[in-house]
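Enquirer: This is the structure, below, for whatever I ask next.
Read the figures in this text as sums done on the coordinates, not as results from a lab. Just so it is clear, the structure is predicted and the values come from calculations on it, not from any experiment. When we count neighbours, we look across all protein chains shown, and the Cβ atoms used for this are built from the backbone with ideal geometry, even at glycine.
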Amino acid sequence: MEHKKYRKYRKKWIKNEKSEKKIVFLHLKILKMQSLRLNALHDLFSNGWSKEVPPSKKITSFFGENVFDLKKAREYLSDEAYKSLLSSVKNQTKIDRRMGDQISSALKSWAESKGVTHYTHWFQPLTGATAEKHDSFFTLKSDGSAIEEFDGAALIQQEPDASSFPSGGIRATFEARGYTAWDPSSPPFIIEMGNGKTLCIPTIFVSYTGESLDAKTPLLKSTVALEKAAVDVCQYFDKNITGVKATLGWEQEYFVVDAKLANSRPDIMMTGRTVFGHAPAKGQQLEDHYFGAIPERVYSFMRDFENECYTLAIPLKTRHNEVAPSQFECAPIFEEVNLAVDHNTLMMDVMTRVAKRHNLTVLLHEKPFAKINGSGKHNNWSMATNTGINLLGPGKTPKTNLMFLAFFVNTIKAVHDHAALLRASIASAGNDHRLGANEAPPAIISIFIGKYLTDVLNEVEKRVGNKFDEQDEAMLKLDIHKSIPELMLDNTDRNRTSPFAFTGNKFEFRAVGSSENCAGPMTVLNTIMAETLTQFKLDVDELIEKGEKKEIALMQTIQKYIVESKNILFEGDGYSAAWEKEAAKRGLPNVKTTPLALDAFVTKDSEHVFEKHLIYSKKELEARHEILLENYTKKIQIEARIIGDMASTYILPAAIKYQNVLIKNIRGLKEIGFDESNYAAQKLIAQKISEHVNVINTCVKAMIEARKVANEITNSREKAIAYCDNVKKYFDEIRYHVDKLELLVDDEYWELPKYRELLFLR
């Protein structure tokens, strides 16, 4: 990669015994003249960016060492304070202010013993990211003497500026006050950055008037609603069940690319994805990346961020290569849903930060590269009782299997009745690239349950009627007990095209986007499940009041729900055109774009469900709808602007520059008397370049005009639809012609790192 001018002058200057500093200066000057791409490639080949990670040690020896969990609380707190904290964690009750002072004092002592100087309320505003404002323990007393201080008031509540965060019209700009309040169910933790350490306190974030302005508050409310409804149903089967918690095990997919190569791409820097780029000769067609050997540089990065995650008690369990080149996945052991959401959000921050230490960039966008698999975040959801029972896990007795069947069928009914709402929960500009793209679950929400459970539901539907005797009842229960365990024997009964699949003891919500906060879809899933279980109890109780035995009433209601929700069940290829037609016949919604999908949040049915279970008020729902629409519009707007900028300042100049080289070559050949047949190929290439250049230029201008028209629209929904239908439509057309130019223009003139470099060079 050494420049020929550098070689020439280096020989000359060494011969004349000139300073090596001058050589270095000239080298740097020449490199500056080169494109960012060539500089990045030079550094990649010359440095390799290897980084040593300390040798592995037993994970249990440092797991959770930076977390103030209940074990550490027991060491630092009095019995009274510990019991108060424990009660708050288990029952989601408020911390007494007096106890708050004791807990804050213990927290400070623990944090200072680990070198912490600052603390922050760590929260999740509606930006899609986390937020924090650091305050020092340091303060001055009235006499001017310095002191380290952290009282209960600082622990329990703070007042950050709420005006600068999305509120959907709930707060005016001049109404700045908002509150963060400690969530004791998610333990405080220490973040290490460089040589500094900060105590982070997970909190909710609400407006001055009490409306939620974050992702955590509605999630916590949904867990309360689900627990109440689930416990009521569990009481039919086991009076010892007094608590039910939603559980979540997420699977995080992501891409890793060289940081300098990524930084040479304005589109990656601004949008998290490549808006241009021709597919390389080799992509994922050989199917050789999935579960392959992890590249050494990436392996080093993985170990590094995993170690940091372990200190934060994030229970990562697996790591592996995903399907696409440079795509990877990690997954933890499942946890209570609120803690799991916090851990996923925190892990994404850690992963992104640690990657920089390895001169790598993590791409969490759902579709960073065209024509290879995008990234999702599969949400494995279930419910666990205080007695240790997984409500979606088949049992060993007729009684436990009847309870399993009740919750299993209620989940199907919930998804069937609220499919549009579930689709809205995973709607985003990034996820629109995935859903229905023959690589991810389609935009049609359906459920896959497998052959054995399909047979069980069919049997229940056929055999349960309005009347059946004691013998029928006993036989039915016995049949269920015999049939359900069989599903555990079939390890191949999976469907990767299903957006919502049963996988043995949980449902896997596969349509969630990789960059998304799990709190959104989990809030919706918890809420619709609470609604369905509430109605289920009413239906069962009504039959019991009419004189039916409890077991018969349960089975008749289960059978009724099976019949009412069977249209949502689909065992075939979710990617096929045939399924789209079949889904339409069944009346299943197929909303492919975010602006229209988000409408489900503000229907009368949705408002009723969320208000009934105290998750969102109508005002909060409308605000979130507004925020999500604005977020979509802004992301498409940014993409449109970067497409225009890159086309005008990178693509067209490179194409024209190379075209001029061709013209010069053609003219030279003509001047020395060559026949036209000898430069026909050059003329054809020059002509094709002109054609692509003209189309790109025309489309960019048209896209800019469409953007100007869309910007004049004041209604958020109409504006988002205009960007979706009238601006975004130019993206693929411009990209097609840019990608064709990439194959025509001399590699030396092409300034953007290519897919083969981004995906295969590490």
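Enquirer: Using the Kirkwood formula on the Cα atoms of the stretch 224-616, what hydrodynamic radius do you get, in angstrom to one decimal?
Expert: Result for the stretch 224-616, one decimal place: 22.2 Å.
Enquirer: Right, next: For each pair in LYS282/LYS729; LYS356/LYS377; LYS71/LYS356, compute the distance between the two Cα atoms and list the pairs where it is over 25 Å. Could you put the intermediate results ahead of the total?
Expert: Numbers: LYS282/LYS729 28 Å; LYS356/LYS377 22 Å; LYS71/LYS356 33 Å.
Checking Cα-Cα distances, LYS282/LYS729; LYS71/LYS356 exceed 25 Å.
Enquirer: Here is a follow-up. Return an integer: the convex hull volume of the alpha-carbon atoms of the chain, in Å³ per residue. Could you put the intermediate results ahead of the total?
Expert: On the way: hull volume 161.8 nm³, N = 762.
Once divided by residue count, the hull of the chain is 212 Å³.
Enquirer: When you count, for each residue, the other Cβ atoms within 10 Å and take the mean per peptide, how do 278-285, 611-618, 404-411, 549-556 rank with the highest first?
Expert: 404-411, 549-556, 611-618, 278-285
Enquirer: Sort 748-758, 135-145, 286-296 by the packing proxy (mean of other Cβ within 10 Å over each peptide's residues), most packed first.
Expert: 748-758, 286-296, 135-145
Enquirer: How much net charge surrounds GLU52 when only other residues with a Cβ under 13 Å from its Cβ are counted (Lys, Arg +1; Asp, Glu -1)?
Expert: +2
Enquirer: Answer with one residue from SER35, HIS608, ALA597: the one whose Cα lies farthest towards the positive end of the charge dipole of the chain, charges on Cβ with Lys, Arg +1 and Asp, Glu -1.
Expert: Ranked along the dipole, the leading option is SER35.
Enquirer: Still on this structure: Would you mind putting 109-118, 450-459 in packing order, based on average other-beta-carbon counts within 10 Å, highest first?
Expert: By packing density, highest mean first, the sequence is 450-459, 109-118.
Enquirer: Mean projection of the alpha-carbon convex hull of the stretch 290-344 over all orientations, in nm²?
Expert: Projected area, direction-averaged: 4.0 nm².
Enquirer: Determine by what factor the alpha-carbon radius of gyration of the stretch 144-291 differs from 2.2 N^0.38 Å, reporting the quotient. Working shown, then result.
Expert: Values: Rg = 23.3 Å, N = 148, 2.2 N^0.38 = 14.7 Å.
For the stretch 144-291, the normalised Cα radius of gyration comes out at 1.59.
Enquirer: Also, quick follow-up: Treating only the Cβ of Lys, Arg, Asp and Glu as charged (+1, +1, -1, -1), what charge dipole size does the chain show about its Cα centre? Round to the nearest 20 debye.
Expert: Using Cβ point charges on Lys, Arg, Asp and Glu, the chain gives about 3160 debye.
Enquirer: Right, something else. Please name which of ASN526, ALA702, LEU44 has its Cα lying farthest along the dipole of the chain towards the positive end, using unit charges on Cβ (Lys, Arg +1; Asp, Glu -1) and the Cα centre as origin.
Expert: Positive-most Cα among the choices belongs to LEU44.
Enquirer: Moving to a separate point now. Could you state the per residue volume, in Å³, of the convex hull enclosing the Cα atoms of the stretch 177-251?
Expert: 146
Enquirer: What's the magnitude of the charge dipole for the stretch 631-760 around its Cα centre, counting Lys and Arg as +1 and Asp and Glu as -1 at the beta-carbon? Answer in Debye, nearest 20.
Expert: Values: 20 positive and 19 negative charges, 90 e Å.
Dipole of the stretch 631-760, to the nearest 20 debye: 440 debye.
Enquirer: Right, something else. Put +1 on the Cβ of each Lys and Arg and -1 on the Cβ of each Asp and Glu in the stretch 352-464; which of LEU364, ALA419, ASN386 then has its Cα farthest toward the positive end of the dipole?
Expert: Final value for the positive-end residue is LEU364.
Enquirer: Considering all alpha-carbon pairs of the stretch 654-762, what whole percent are spaced by more than 20 angstrom? If you can, show how the numbers build up before the last one.
Expert: Numbers: 3372 of 5886 pairs.
Value for the stretch 654-762 (Cα pairs over 20 Å): 57 percent.
Enquirer: On average over all directions, what projected area in square nanometres does the stretch 641-689 have, based on the convex hull of its Cα atoms?
Expert: With every direction weighted equally, the projected area is 3.3 nm².
Enquirer: Any idea how far the Cα center of the stretch 506-579 sits from the one of the stretch 227-286, in Å?
Expert: When both Cα centres are located, 23 Å separates them.
Enquirer: On the Cα set of the stretch 240-282, report Rg and Dmax in Å, please.
Expert: My reading of the Cα-based Rg and Dmax gives 19.9, 61 Å.
Enquirer: Test of understanding: express the Cα radius of gyration of the stretch 410-460 as a ratio to 2.2 N^0.38 Å, with N the residue count. Provide the component values of the computation, followed by the final result.
Expert: Working: Rg = 13.6 Å, N = 51, 2.2 N^0.38 = 9.8 Å.
Relative to the 2.2 N^0.38 Å estimate, the stretch 410-460 comes out at 1.39.
Enquirer: Please state the charge dipole magnitude for the stretch 521-613, taken about the Cα centre, from unit charges on C-beta atoms (+1 on K and R, -1 on D and E), reported in debye and rounded to the nearest 20.
Expert: Values: 12 positive and 16 negative charges, 33 e Å.
I would put it at about 160 debye.
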